[in-house]
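Here, each number is a calculation from the coordinates, and none is a lab measurement. Bear in mind the structure is a predicted one, so any value in this text is a computation, not a measurement. All Cβ positions, glycine included, derive from the backbone under ideal geometry; neighbour counts span all protein chains shown.
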Amino acid sequence: MTDNTPVAPWYRQPWFWFLTIFPIAAIISGMTILTVGSILSPSMVTDDYSREGRGINMAIARDQKALDLGLKGGLTVDERSARLTLESKEGAADYPYLVLNLYHPTMSERDRTIQFRRMAAGEYTGNLIEDMDGRWYYDLQGPDNDWRVKGEFWLPASDKIALKATSATQG
């Protein structure tokens with residue numbers, strides 16, 4: 001008794017596909033992860049921790065100096081112009097210019113820097129290149145970069161945005 005029924009080729013066998021689909025899927029997903037991982041740069045990872053630590057200590061010292069100077073002020077943003085008032089314990093702040101760095105919380109390509117020029121004692125004005133909206137972290141510093149006032153705000157703002165020096169422990 002012989003069975004002469006033709007056998008289907010290997011690629012038409014259901015058990016072949018059932019047994020190979022999972023290893024093939026693992027290979028494809030592994031190659032995809034490897035490709036994406038090699039293309040994207042690790043922007044959050046650093047390999048020089050001692051330099052980062054020294055930078056953090058310097059930032060804390062700059063925050064403390066701003067607190068010691070008693071720096072506080074207000075920022076008003078209208079369309080593409082910005083006005084800044086800044087006071088210290090001794091009265092109106094008198095710097096030739098101030099620099100305001102704006103950091104977007106999620107997209108570093110949207111970060112901006114605004115240079116304020118002195119109009120009068122404690123009053124500064126600057127220009128924005130484009131309309132800005134949403135949540136922003138700010139970092140206001142003087143020309144010598146020896147102090148810094150930092151915080152966050154939302155744009156557009158209908159009221160004056162209060163800027164005030166805080167210590168590192170206060171946030």
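Please build a GNM for the chain, connecting alpha carbons under 10 Å apart, and tell me which residue among GLN141, GLN13, GLN64 fluctuates the most.
GLN13
With loop defined by DSSP as not H, G, I, E or B, and exposure as at most 15 other Cβ atoms within 10 Å, which is the longest segment of the chain clear of exposed trypsin sites (Lys or Arg not before Pro)?
Result, exposed sites excluded: 1-79.
Please give the contour-minus-distance gain from ALA121 to ALA26: 0.36 nm per residue of separation, less the Cα-Cα distance, rounded to one decimal in nm.
27.6 nm
Evaluate E = 1/(1 + (r/R0)^6) for LYS164 and ARG51, where r is the Cβ-Cβ distance and R0 equals 45 Å; express this FRET efficiency to the nearest 0.05.
0.95
Which whole-number value in Å³ per residue fits the convex hull of the alpha carbons of region 64-136?
99
Let me spell out the model: positive unit charges on the Cβ of Lys and Arg, negative unit charges on the Cβ of Asp and Glu, origin at the Cα centre of region 51-98. What dipole size does that give, in debye rounded to 20?
Around 220 debye, computed over region 51-98.
With axes computed from alpha carbons, what is the tilt in degrees of helix 49-69 against the longest principal axis of the chain, rounded to the nearest 10 within 0 to 90?
The angle comes out near 30 degrees.
Please report the relative contact order for region 56-102, taking Cα pairs under 8 Å with a sequence separation of at least 6, and give it as a percent rounded to a whole number.
This gives 26 percent for region 56-102.
I'd like the chymotrypsin sites (Phe, Trp or Tyr not before Pro) in region 113-171 restricted to DSSP loop residues with at most 14 other Cβ atoms within 10 Å, sorted by number.
The qualifying sites: there are none.
Taking springs between alpha-carbon atoms closer than 10 angstrom, which of LEU86, LEU100, LEU34 fluctuates most in the Gaussian network model of the chain?
For the chain, modelled as a Gaussian network with Cα springs under 10 Å, the answer is LEU34.
Using θ = phi - 60° and the Karplus relation 6.51 cos²θ - 1.76 cosθ + 1.60, list the HN-Hα couplings for region 139-149 in order, rounded to whole Hz, with x at every Gly or Pro.
Going residue by residue, I get 8, 9, 9, x, x, 8, 6, 9, 9, 7, 10 Hz, with x marking Gly and Pro.
Show that you can apply the helix-only estimate: for the chain, add -39,500 (n - 2.57) for every DSSP H stretch of four or more residues, divide by all residues, and state [θ] at 222 nm to the nearest 500.
Calculated at 222 nm, the ellipticity per residue is -9500 deg cm²/dmol.
Going by a ≥ b ≥ c, the root eigenvalues of the Cα gyration tensor, does region 48-171 fall in the rounded group (a/c under 1.5), the prolate group (a/b larger than b/c) or the oblate group?
Oblate, because a/c is 1.5 or more while a/b does not exceed b/c.
In debye, nearest 20: dipole of region 1-156 around its Cα centre with unit charges on the Cβ of K, R (+) and D, E (-)?
Computed about the Cα centre, the dipole is about 140 debye.
Mind telling me which of VAL77, VAL149, VAL36 comes out most flexible in a GNM of the chain, alpha-carbon contacts under 10 Å?
Among VAL77, VAL149, VAL36, the largest mean-square fluctuation in the Gaussian network model of the chain belongs to VAL36.
Across the chain, where is the longest run that never hits GluC sites (Glu not before Pro) in a DSSP loop with at most 14 other C-beta atoms within 10 Å?
It works out to 1-78.
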